[in-house]
Every structure is written in structure tokens, then in C-alpha cells.
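To start, the structure itself, in C-alpha cells.
The values are calculated or read from the model by the stated rules, or taken from the named source; none is laboratory data. This structure is a prediction, so every number in the text was calculated from the model and none was measured. As a convention, Cβ positions derive from the backbone with ideal geometry for all residues, glycine included, and neighbour counts pool all protein chains shown. Calculation scope for accessible area: heavy atoms of the full protein, side chains included, ligands and nucleic acids excluded. Shrake-Rupley method; radii C 1.70, N 1.55, O 1.52, S 1.80 Å.
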Amino acid sequence: MPLDHPSPTIDTSPKVADEVKYTTCYMCACRCGIKVHLRDGRIRYIEGNRNHPVNKGVLCAKGAAGIMQQYSPAKLTAPLLRVGERGKGEFKEISWDEALDIATKWLGDIRKTDPRKLAFFTGRDQSQALTGWWASQFGTPNYAAHGGFCSVNMAAAGMYTLGGSFWEFGEADWERSKYFLMFGVAEDHASNPIKIGLSKLRARGAKFVSVNPIRTGYSAVADEWIGITPGTDGLFVAALIHELLSADKIDFDYLTRYTNAAWLVIQAPGAADDGLIARDSDGTPLTAPKLAGAYKLDDGRSAVPVFQLLAQRFLDPIYAPEAVADKTGVPAATIRRIAAELAHAAFDQAIEIDQPWTDWRGQRHAKTIGRPVAMHAMRGISAHANGFHTCRLIHVLQLLLGSVDVPGGFRHRPPYPKSAPPENKPAGKPHQVAPGKGLGAPLGYPMGPQDLIIDAAGRPARIDRAFSWEAPFAAHGMMHMVIANAHAANPYPIDTLFFYMANMSWNSAMNTSGTMQMLADKNARGDYRIPHIIYSDAYFSEMVAYADLVLPDTTYLERFDCISLLDRPISDADGAADAIRQPIIAPDRDVRPFQDVLIDLGARLKLPGLAESDGSPRFSGYADYVTRHQRAPGIGLLGGWRGADQVQSYIENQCFWREELPESARFYKFANRDYLDYAAQRRWIGAPEPIVMQIYAEPLQRFRLAAQGHGRPQPPDAIRARVERYFDPLPFWHEPFEEAVSGVAEFPLHAVTQRPMAMYHAWHSQNAWLRQIHGANRLYVARVTAERMSLADDDWVWITSRQGRVKAQIRLMDGVNPHTVWTWNAIGKRAGAWNLTPDAPEANEGFLLNHLIAELLPPRGDGYRYANSDPVTGQAAWYDLRVRIEKADDAGTQPRFEPLHPPQGLPPRPDILRYGAKR
Ligand code: SF4
């Protein structure tokens, strides 16, 4: 039929911007490069930067929605001072001078008298190279970021075993791997790289197996999904090890050269050296000529190689596939098949790269041999009370297959690997803390009981109890315990809680309802039990209402940031890289970048590194600090273009720097002479010495010996048995504590959360685009389980744990372990928070599982309550939660709390937030 009108001309690429600026995304922790398109000074469009090493142009839904983060009506607008009761959200606006005077007074008084009385903890910020240093200048040991409730098990187990870890410090060899085994990951800190990597794997026909109770996210595109029962991954991995040992499918050469498998372990039950590594007079470990057998040392002592102990442990029938099948929910035949597939990929499909390299002994290898099996794991493994040992088990599995930092395997990203563990020890022992004085770095890696942060009586010396006998390897602190311990004034009272970007009265707390009460609780005199709370955030999160003083931050598009090699850089396995953020637009509110505020505050407090001897500020702001501050001679926060124009050089290079490793230095980094020389020159490691990977972790044995009565210090009697049991130098599987304390009959279901791909925890609660994807959350229940309980889709249920109960609506699904229920993390909101209307779906249909998770275990015999945490690292055991569900009579989320009123200055709550609308 003829057209009456000519075809319209459509401009498919309209000019959207009159200016483009480069920076780094901060809509999650992944740190992709972005191009921000501006018109008339307003953000119109965000695009992935194709040249950026992290995302190579890929942008996810969150990244694109950064526009609505900028135009959010929940942005704080000015410093606030509380005028009503804590928790009510009643504030008055004050000037920055007044706000900083108040903070300086509170913190100055503390520093002059007892620096421990400041507890400074940060959330998912990327400024730990600054914040940790600031805490040490202040002199408080009570510092950490959020790793204790995120994935410190993953980090600590990796560091004590490999000198590196999964997290964002390593990656699969996406180009070469033939078999990829992923544990407990729905979405991750390396989000876009993993998605890009998975597409490469799939295109090459490599097999991807995902072990996860829930088939969403990455698991949904896996070739095989193993719907394991939560908390049993370690048992599954132990059974894989059992099978590989039984079939003799082990890379003995790799073990002998690069791990401590051949080191001799003293066998002297009851003696002070039992289980320690036999050493010569120089302290060099003695090695066995073979990996098996028993040996007599020159001094007559008995010893066996590490591998002998490993084989004895895992050939035990308790780790046979049939023995673990019921518990894990994985059939024995599947375990056997996966073990055989791993062995086939590693040994029958081994690869060779035509790349010579030289090892630390000077031996030249004509080719680089690869075992193309890669693994990755994260919070699903980590957030259990057995997570440290489970993660160690995964690393041991990798080592047995010879697949760490080889072609096709898991690869370290510079500046990793470091020594296993790194040499830095935590500072903060009582004699190291003094009024008016700085301190060493508060976080580190204890090598034995002498490195604990405890007092002479063995009591914790940090407010969170990190690095005490209760959590000796708490390498990231225990942020989840700070409020409860501060409220109880145990181990001592503090004066000021200073939090940055951590929603501690809502989704970042266990026992959320209790935490809100603790923050607002008063003593008999009518004073708050936690005297002062300072909080910095860019948005009106639930935590704002509990602050006495609010220091409003900018958005990530309004400030300078530094993604540092001293913290969590953006390196990949073939090159070192770091990045900055630059201000794309100027704030239109009375807000300041937190990093600038911290530097200003430090100068006002006359902290040694931040004030000149005449008392004047040493730095004009964070960018100046990054440019001029040196952590060691020639070492600053950024690796590239060191010098006066460093920041400008980054801006001209699209806000990142990357330096390729020499071709000969890219694999076997732990033993590669070219790499070790390169790393030592850049001060990533102390000396170009080989890094021996630790199947047998001797530091754990030192704690065990102390528990058995050897050396000083020793644990208090009440905790001896716990230290002795869990400080096993070889990894093992044990039941999470919650199994025993909750009672499986009363609480038959596991309950876990996952972070969705379209939201990063609570950050996007007010993001008008992302709310349309996740405006409310359901409790997902296996169809078979629901049918057995006569529950139907859309029913409302009470979910009950030993801690309490919440009400939620259910959705049935097939792709979930039948003993597990789950929901998306941090979608449920307190009414009114984030400047959402009180009738927003987040507050009425969304719910928070955190109310059900106890931060403490039930009392032991003497009444003391341990943290609900891993006994080695203190990692919060979020995923050990056990619940029951019962049909509810009525609809509507429970519990509800009094709606929060937005503080002064926030704009009215719009019914519709329009993209691009002129305001
Ligand atoms: S993965 Fe994270 S950093 Fe990358 S674009 Fe998405 S939100 Fe931004």
C-alpha cells in the first residue's frame, strides 16, 4: 500500500552532550571506567570506557543508572546537628565550621586522654589507604573497614595460604581456562570482569560449574549448577580432595617446588614443638626427600612431611563422597564425576605456552606449563563460621591440581602475591597506645599469640575484639560487633563512634532491631550509653537518624577519589593498574568530600602526618595528599606519573594508569625471578624471595600449642578448647555453630541473602531507575518444600529464627536447594528513609532478613557470649542463619518502625523523578 507520507528521517545517534569527562564508576565496588556525557553542565548519559582495563567498555545497569544517583532526592544537603532524641531524625542545619569545631572538640578530647575511645569504622568505601593511615595518626587501634562482615574469611584464608586471595585480588585465566569452578557467588566485586570472562569461557566451550544453593546470576548461565546445602561447601571440597588423592591425580612436582608439602612437621605429642616445622639453625625449613613417609631428624625427633599429614586427613572415609552426600545435598556420583573432570582438565588437557621463564633458583623453563582449571569463591563461602577453613580447603584443592598462577588457572593480580601471610602485624597493644601519640597500622596478620591485641590478662584490647583469642586472625576487624560491644562497654567504654558509608542501623547490622535500640539506649543517668556518634554519608540512609553529627558527603561524580595500589587497585593478572575519580560536576549543596573532611579534621587535630610543625595544614585536600604524601620513599597512593602533575596526568589518561608486566613475569609469580625482582623494585614485597604457599599453616599451630599450655601468652581457660579445636594447621570441615544452637528440628531451613546484579546493597534504594527492578523483595522458597508445607505463590509467611521473626511474601522457584530459603539483600527499607514516601513498596512489601540474625551466640557455661562469627577470623556468620516458616493470616511486612522524616534541606519527595527534567 503506498504511503501517504515520506519516511521520517530518524537520527539514530543524536548529539547528547556538549562535553565528555572520564572517571571511575562507583555504583558498586567493581571500579569500571566510565565516560560521562554532559549538556549544559548536567549529566545526560553515562557510557563504559572502552579503553579501561577493568570493563573495556562494558557498563551494567547500575553504572548507567548513576545519573539517577546524582539526581536523587535523598542527597543530604548540609551538615546536621541532632536536636531531638537519637533515632527520631530531628536535626538542625549547621555550618561546616561549626560541624568541624564540634568534631574537633570531641575527637581532640579523646586524643588527649585515651585515643582508644574513638572507634572509627568505614563501610564500602574505597579510601582505606587514607582512612587506615588516618586512624594510625590519631592513635586509635579501633579502626577497620567493613571486611569483617563482608568476606574476611576469603581474604585471610587466601593470605595465609597463597599470599593472595580471590576477592578482587586475583582472577581466572579467562583466555585459557578449560574448567571453571565457582563457589558461592551471585554478584561480586569484579562484576563486569566476571561477566566478560564468563562470556569468553562460554565462547571457547570451557565448562563452567557453579556451586551455590541458588540458581540465579552467574549460576543461571553455568553449564552445571550444584545446588549445595549452605555451609557444606568445605565438605564437598574435602570429598573432591579425597577423590583426587585416591586416584593419585595430584601435581606432585608443583607441590614440591612451590608449596610447603615437603616441609617436615615435628611429631612430638605433648611437647612445645609438636606440629611446628622442623628448621635448621638458620631457620630454614627442613624438607623430606619424598612427600610421604616418616623421618628421624638429626637430633632424634620424629617428623613427617606436610603432604603425609594432608593425605592422612583427606583419605579418611569421613570425607568419602558417600559419607558427605546427604549432608551436602550433592550425590556421591556427582562428586566423583566433578573430581574426575577436574583431574581430566588439569592433567589430560594441560597447556603449554611458548614463553620461557626463570625461577628464583635461576633455573630456566623453556615453556610455561598450565593446568587449565580456575576457581573463584566469595561471600557464600565466606559468611559462615566455618568459612576460613572452607576457603583454605578450596586453595588446597587448587594447589593439589597445580593451578595457582599458571596458564589456565587462578591468577594473582599485582601487587599480589605477597608472602603467605604478609609480614605486617596489627598495632594496638596496650603499651603501644598513648595519649597524643600515633600508632602503627591497626590491621595486619598475626603469626602467633605474641601478635594478639590483648592486655596482660588476655582480654581484648580492641572494642570489636578483633585480634583477641576470640578472633585471632581478624585481619579486617569486626565491624559487626562494634555497636554491641560499645553499648555493653565491654571490653571498655568508648566515647565516639565515627562511621563512614556504613548503614549500621539497618542492612549492615545483624540483629537490626536490637542494634537500633542500642544506638539510642541511655544509662541510669539519662545519658546515651554511646556518648557521641558522627556519621558521614551522601544520602539519607537509615543510619543518619542515629547520628549526633552528620557530615554530608558528595556523590562519586562530585569528588576526587583514589583507587590505590595500597588498598584495592584495579590491576589484572598481566599488569598493575590504579585509578582516580575526578569531579565531573560541582556539588549544588553545602556538602564536602569525606576524604577532604578527614584531612581537614586531621589538620585541626594536629595529627602528625597532617599538620606542619607550626600547626598549619600540611595538605590542601585529598588530591594534594595523594600527590605529595609518601608512605615510603617514592611510594604514594598512586603508582603512575609520580610528581607534581600526577592528578592532571591521570585525568589526561582517562583517569587510570596501567603498566604491563614483562611477558616473562606473568605466571608463577610466587617463584618467578623476573616477577619477584619487579615486585621488590616497586616495594610490593620486601625482598625478591620466593613465596612458598602454605598447605600447612604453621601460625595456626602456634595458637594451638598455646591452647595446649605452651609458651606465652596462653588463652584464658574458658577459651582454650575452642582455640585448640579451630586452630588446626590443616584445613578441615566443621559444622557451623548455628546448626547446634538453633536446633535443626525447630529451625529446619537455611536462610541466606544474595546481592542482586541491579543493586549494590542499600546504595540504590533511592535510585529511580533501579527501584523499578527491585522495589520489593520476596522470600524465595523451593517449590517442593512449599508444596510439602501447603504454601502457594504469593502467600505471606512468618519467618522465625532463634532471634525473632519477620513477615514476608513468598515466591516459589525451582532453582534453589530444597532446605534453603533466600531473598535479595537490602531491598526492604525503614519507612521514610532514603526520602522515599512512607507508602513506598520497599517499606511495605520489602523486608530485611537481618532482624533474624543474632550477632551473638547463646551463652556458654559461664554466661559469656561469643560473637556469631568464624572462630579464626571473626567473620560475621550471616549465612549460618536457620529458620522455620509458617503461613501468616494477613498481608504486610513486619516488623515496621516509626517512619523517619527527612531532615531539613532535603527536597520534597517527588511522585515521579524524571530523567533530564529541568529543575
Ligand atoms: S559493575 Fe559496578 S563499577 Fe562496573 S559499571 Fe556496573 S556498577 Fe559500575
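Overview of results
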item: Exposure of residue 673 as accessible area (Å², to 10), given a probe of 1.4 Å and all protein chains; result: 100 Å²
item: Rounded if a/c under 1.5, otherwise prolate or oblate - segment 626-768, Cα gyration tensor axes; result: oblate
item: Under 5 Å, built H, 5+ apart or other chain: amide partners of residue 228; result: 212
item: Inter-label distance for residue 101 and residue 641, nm, one decimal - labels placed 7 Å from Cα along Cα-to-Cβ; result: 4.1 nm
item: Vicinal HN-Hα couplings computed from phi for segment 876-892 (Karplus, 6.51 cos²θ - 1.76 cosθ + 1.60; Hz; Gly/Pro x); result: 4, 9, 4, 8, 8, 3, 10, 9, 10, 10, 9, 4, 9, 7, 9, 8, x
item: Contour excess over end-to-end distance, with Cα ends at residue 660 and residue 424 and 0.36 nm allotted per residue; result: 82.3 nm
item: Distant-in-sequence amide H partners of residue 581 (H built 1.01 Å from N, under 5 Å); result: 561, 562, 563
item: The chain - Debye-derived log10 I(q)/I(0), Cα point model, q = 0.09 Å⁻¹; result: -0.94
item: Given charges at beta-carbon only (K, R positive; D, E negative), |dipole| of segment 770-919 in Debye; result: 400 debye
item: Charge dipole (debye, nearest 20) of the chain; +1 at Cβ of Lys and Arg, -1 at Cβ of Asp and Glu; result: 460 debye
item: Sorted peptide list for 103-110, 198-205, 627-634, criterion being average Cβ within 10 angstrom, highest first; result: 103-110, 198-205, 627-634
item: Estimated dipole of segment 406-511 in Debye, rounded to 20 [Cβ of Lys and Arg +1, of Asp and Glu -1, Cα centre]; result: 300 debye
item: 29 Å Cα-Cα reach of residue 88 towards lysines, excluding residues that sit fewer than 8 places from it in its own chain; result: 75, 105, 117, 522, 807, 829
item: Order by protection proxy (mean Cβ within 10 Å, highest first), peptides 357-368, 752-763, 852-863, 171-182; result: 171-182, 752-763, 852-863, 357-368
item: FRET efficiency for residue 88 and residue 911, using Cβ-Cβ distance with R0 set to 22 Å, rounded to 0.05; result: 0.30
item: Alpha carbon centroid spacing (whole Å) that separates segment 685-744 from segment 314-339; result: 25 Å
item: FRET E, pair residue 524, residue 904, Förster distance 25 Å, beta-carbon r, rounded to 0.05; result: 0.15
item: For residue 693, residues with placed amide H under 5 Å, excluding near neighbours; result: 259, 260
item: Rounded Å value of the spacing that divides the Cα centres of segment 523-598 and segment 392-418; result: 34 Å
item: Whole-angstrom gap from segment 200-276 to segment 641-672, using each part's C-alpha centre; result: 33 Å
item: Those lysines that a straight Cα-Cα span of less than 28 Å connects to residue 367, excepting residues fewer than 8 apart in one chain; result: 178, 200, 207, 249, 290, 418, 669
item: Using θ = phi - 60° and Karplus 6.51 cos²θ - 1.76 cosθ + 1.60, couplings along segment 298-304 (whole Hz; Gly, Pro as x); result: 4, 8, x, 6, 8, 8, 9
item: With DNA, RNA and ligands ignored, accessible area of residue 143 (1.4 Å probe; Å², nearest 10); result: 10 Å²
